[in-house]
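One structure below.
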Amino acid sequence: MTNEQKQLVKATVPVLKEHGVLLTTHFYNRMFIHNPELKHVFNMGNQQNKKQQTALAMAVLAYAEHIENPAVLMPVVDSIGHKHTSLDIRPEHYAIVGRHLIASIAEVLGDAASSELLDAWTKAYEQLASIMTGHEQTLYSQQTEKKGGWTGWRPFAVKQKIKESEEITSFYLYPADGGPVADFQPGQYISLRLFLPQLNLLQPRQYSISCAPNGEYYRISVKKETGSVQPDGMISNRLHNHVEEGSVVELSAPAGSFVLNQASESPKVFISGGVGQTPLIAMLEKLLQSEETNKAQIKWVHGCRNETVHAFKQRLAEIDGDHEHVSQHVFYDSVADQAGNLYQGWVDLARIQEEVLLDGADYYICGPAPFIAKHYEFLVANGVERSSIHFEEFGPSSLQLN
């Protein structure tokens, strides 16, 4: 890109700040009209709730703001790259997206979209596509280099279906071909793809792996959605209602950048809300496997509505009782008797700050965006280094904290 083109792209930042979601909404509508086959690739639930449009608008804005030095966006590129490989996004998809994005800029901006501006954004997109596809090819290569690794979609059989609470059920997934299963980093997720008759579409969803690596299977622990279920809850409910032991589903290889730092021997504090505990359980199980060499303190902080929806309650109580360096603190919205490590109300780190504010600790937070933001801000306000706080927001990212 020329300096003039970079300045033209940067000049669109105010427009993107004000009208970014309008642009990305127009873009997705346009793309799905002209390339309806991509509805099988994208999570249509995130289209309906506008999360994907918002996430893309934020990504485009960040890229425009840093067009002169896109290298600063590599953490974001890495996170998006993992999501793309989990959805089997390939270079040819970038060509389709680019065509509709440039056309959308022209259509939304109207007379303000000069040929020079469209040329600048075309070059900018080509640069971004080159960065993304290069990084994703590296991730694909890393997957296939692993024993039992693969790219694309692979059939897995549901060998066990275990109810963990009134809302959450675990599915134990074994390769249908009988081959080995690729290792993964605790905290990563897999994409699972099912056909939804209601939409007449194949639909992918990401689920955190809720067990430590074992070479034989993956476990996902899925919350059943109640009430008026929109597309983003249809896959979860179909797993609960229609996928039984013996059923076969399609999975992509493990992906994700929210992972346990296994090289660190610092204390660990895990903070979760609801089903957000699933990637953290994988991290906890991995730490317990190595406790002979590392017995740093582990604090488990979890919040949910009540005891009936508290998944893995018994297992976590056993871990707390059997391992002196592990302690848990549980918050319920309603509780008959506050005693010991059980508290009434939403998770409030201020109530247990002597337990969780540990020198040199690593913090892992998972849950809804407001939950993450609340605890992140508390930790930073109490002197915790931002680099020591790791978090994952389920769904398209909307948080800008680090």
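The values are calculated or read from the model by the stated rules, or taken from the named source; none is laboratory data. Since the model is a prediction, treat every value here as computed from it, not as a measurement. Virtual Cβ from ideal backbone geometry, glycine too; neighbours counted across all protein chains shown.
Being in contact with a Lys or Arg (Cβ under 9 Å, 6 or more places away or on another chain) and either under 23 Å from I319 (Cβ atoms) or free of Cβ contacts under 8 Å to residues at least 60 places away in the same chain (or both) is true of Q262. Scanning segment 118-157 for residues that are surrounded by fewer than 17 Cβ atoms within 10 Å (Cβ to Cβ), of a type outside the set (S, T, N, Q) and not in a helix (DSSP H, G or I) returns K146, K147, G148, G152, P155. Could you tell me whether segment 52-73 includes any residue that is under 18 Å from the mean Cα position of the chain (by Cα), assigned by TED's automatic domain parsing to the domain that holds Q127, at negative phi and modelled with pLDDT of 90 or more? No, every residue in segment 52-73 fails to be under 18 Å from the mean Cα position of the chain (by Cα), assigned by TED's automatic domain parsing to the domain that holds Q127, at negative phi and modelled with pLDDT of 90 or more.
Of all residues in segment 68-88, at least one satisfies being out of contact with any strand residue (DSSP E or B) (no Cβ under 7 Å at 6 or more places or on another chain), outside any helix (DSSP H, G or I) and not polar (S, T, N, Q). Could you list, in sequence order, all residues of segment 24-45 that are closer than 17 Å to Y94 by Cβ and in a loop (DSSP other than H, G, I, E, B)? Passing the criteria: N35, V41, F42. The strands (runs of 3 or more DSSP E) located wholly in segment 309-388 that include 3 or more residues which are of a type outside the set (F, W, Y) and under 28 Å from S165 (Cα atoms) occupy 326-332, 362-367.
Close contacts from segment 86-103, counting a first residue that is within 18 Å of R193 (Cα to Cα) and a second that is surrounded by fewer than 16 Cβ atoms within 10 Å (Cβ to Cβ) and modelled with pLDDT of 95 or more, with Cβ to Cβ under 6 Å and a gap of 6+ residues or different chains, come to D88/G152. Is it fair to say Q48 is surrounded by fewer than 16 Cβ atoms within 10 Å (Cβ to Cβ) and in the same structural domain as E126 (by TED's automatic domain parsing)? Criteria met by Q48. Out of the residues in segment 12-23 that are closer than 14 Å to L117 by Cβ and in contact (Cβ under 8 Å) with a residue 24 or more places away in the chain, state the one that is surrounded by the most Cβ atoms within 10 Å (Cβ to Cβ). Checked segment 12-23; the qualifying residue surrounded by the most Cβ atoms within 10 Å (Cβ to Cβ) is T12. When R305 is tested against the conditions (1) in contact with a Gly (Cβ under 7 Å, 6 or more places away or on another chain); (2) within 24 Å of R219 (Cβ to Cβ); (3) surrounded by fewer than 18 Cβ atoms within 10 Å (Cβ to Cβ), the lone failure is (1). Applying the criterion of being hydrophobic (A, V, I, L, M, F, W, C) and touching a Lys or Arg at 6+ places or on another chain (Cβ under 9 Å) to the residues of segment 273-288, the residue that is farthest from E167 (Cα to Cα) is L287. Just one of (1) at pLDDT below 95; (2) surrounded by 15 or more Cβ atoms within 10 Å (Cβ to Cβ) fails for S86. It is (1).
Of all residues assigned to segment 8-21, none qualifies as being part of a helix (DSSP H, G or I) and under 25 Å from S236 (Cβ atoms).
Scanning segment 214-253 for residues that are at pLDDT 95 or above, under 21 Å from T151 (Cα atoms) and in contact with an Asp or Glu (Cβ under 8 Å, 6 or more places away or on another chain) returns a single hit, S252. From the list E250, E225, the lone residue that is part of a loop (DSSP other than H, G, I, E, B) and over 26 Å from S327 (Cα atoms) is E225.
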